[in-house]
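Here is the structure we will look at.
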Amino acid sequence: MDNAPSHSRQANSEEAVADAIRRMIVESRFDEDERITESNLSRKLGASRTPVRMALKLLHAEGMLVKLEGRGYRARLFSEEAHVHATEVRGVLEGLAAQRLARNGLSSLNRERLDKSVEATGAIITRSIIDNEAIEAFAVANLIFHRTIMQGSDNPFIEDCLRRLKVMPESGIGEVLASSRVNWSLNRIIVSHSQHLIIKKAIEAGDGARAFNMMREHSSAPAEYHELF
């Protein structure tokens with residue numbers, strides 16, 4: 001009886017450490033030729049060496065780390081082409097999640113979450129002021145929208161595959177481009193909000209094909225928005 005909570009805490013600890021290191025890699029917080037070691041990361045993160053060791057093995061298996069001769073790893077560098085490929089895969093996976101949710105039907109809880117998400121993004125548009133407060137509010141509402149669809153798809157393998165895409169910035173579930181990387185505009189938020197409304201309507205109507213196509217386009221859109229807005 002006592003072992004289950006201990007194993008759960010250990011797993012959660014390893015996952016939290018892996019997420020922290022993953023974020024450091026995505027944010028380019030390691031030098032190109034820096035040797036990443038278990039002992040150094042333990043000190044940086046204030047974590048014990050066991051979860052750090054397990055996290056490094058996981059990230060190496062995911063392709064985020066390259067094993068060096070002897071001890072240690074280095075962060076893997078990704079090309080612009082790789083970012084494009086990751087965005088394509090994300091679009092298909094999120095499209096599949098929307099399709100499955102449309103076919104399975106919305107629970108009352110998921111319907112409420114989608115309603116609140118589009119209400120929040122609609123309020124940002126009504127306010128018509130794009131500042132840090134608006135961007136943060138949009139990021140939260142957007143994450144709720146995407147995660148609700150992902151979890152409502154009732155297929156954990158979709159989320160597992162998307163989690164692996166976190167090797168790329170903004171390729172995780174419902175992630176948005178940071179304000180430091182993009183010129184946020186009201187038009188950009190209006191387009192995203194409009195797409196959310198169309199996706200939501202397709203899901204409510206049980207139209208799996210339309211839900212898939214619109215979510216696929218929507219999930220692939222940030223790269224195009226970077227050029228258009």
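List the aspartates and glutamates whose Cα lies under 16 Å from the Cα of Lys116, skipping any in the same chain that are fewer than 8 positions away.
Glu136, Glu204
Can you compute 3J(HN,Hα) from phi for each residue in the range 193-200, using the Karplus curve 6.51 cos²θ - 1.76 cosθ + 1.60 with θ = phi - 60°, rounded to whole Hz and x for Gly and Pro?
Values, residue by residue: 4, 5, 5, 4, 5, 5, 4, 4 Hz.
Could you put His83, His218 in order, starting from the residue whose Cβ has the fewest other Cβ atoms within 10 Å?
His83, His218
What distance in nm lies between label points placed 7 Å from Cα along the C-beta direction at Asp33 and Glu112?
Between Asp33 and Glu112, the simple spin-label model gives 5.7 nm.
Amide H neighbours of Ile36 under 5 Å, at least 5 residues apart or on other chains, H built in the peptide plane: list them.
Here the answer is Tyr73, Arg74, since their amide H atoms fall under 5 Å of that of Ile36.
For the charge dipole of the range 3-75, defined by +1 on Lys and Arg C-beta atoms and -1 on Asp and Glu C-beta atoms about the Cα centroid, which residue among Ala16, Ser28, Leu65 has the Cα displaced farthest towards the positive pole?
Final value for the positive-end residue is Ala16.
Please give the net charge around Asp115, taking every other residue with its beta carbon less than 13 angstrom from that of Asp115, where Lys and Arg add +1 and Asp and Glu add -1.
My count for the surroundings of Asp115 gives +2.
Using a ≥ b ≥ c from the Cα gyration tensor of the range 3-75 (square roots of the eigenvalues), is it rounded, prolate or oblate, where a/c under 1.5 gives rounded and otherwise the larger of a/b and b/c decides, a/b for prolate?
prolate
Enumerate the lysines that Lys67 could reach by cross-link, defined here as Cα to Cα under 24 Å, with residues fewer than 8 away along the same chain left out.
Leaving aside lysines fewer than 8 places away in the same chain, those within reach of Lys67 are Lys44, Lys57, Lys166.
Highest mean first, how do 14-26, 67-79 rank when packing is the count of other Cβ atoms within 10 Å averaged over residues?
With the highest mean Cβ count within 10 Å placed first, the list reads 14-26, 67-79.
Run the numbers for Leu186 and Asp154: contour at 0.36 nm per residue of separation, minus the present Cα-Cα distance, in nm.
8.2 nm
Averaging sequence separations of C-alpha pairs under 8 Å and six or more residues apart, then dividing by the length of the range 3-75, give the relative contact order as a whole percent.
37
If each residue of separation counts as 0.36 nm, what is the full-extension length gain between His85 and His60 once their alpha-carbon separation is subtracted?
Using 0.36 nm per residue and subtracting the Cα-Cα distance, I get 7.0 nm.
All of the numbers you see were taken from the coordinates with simple rules; none came from a lab. Values in this document were obtained by computation on a predicted structure and should not be read as measured data. Here Cβ is always computed from backbone atoms with ideal geometry, including for glycine, and neighbour counts include all displayed protein chains.
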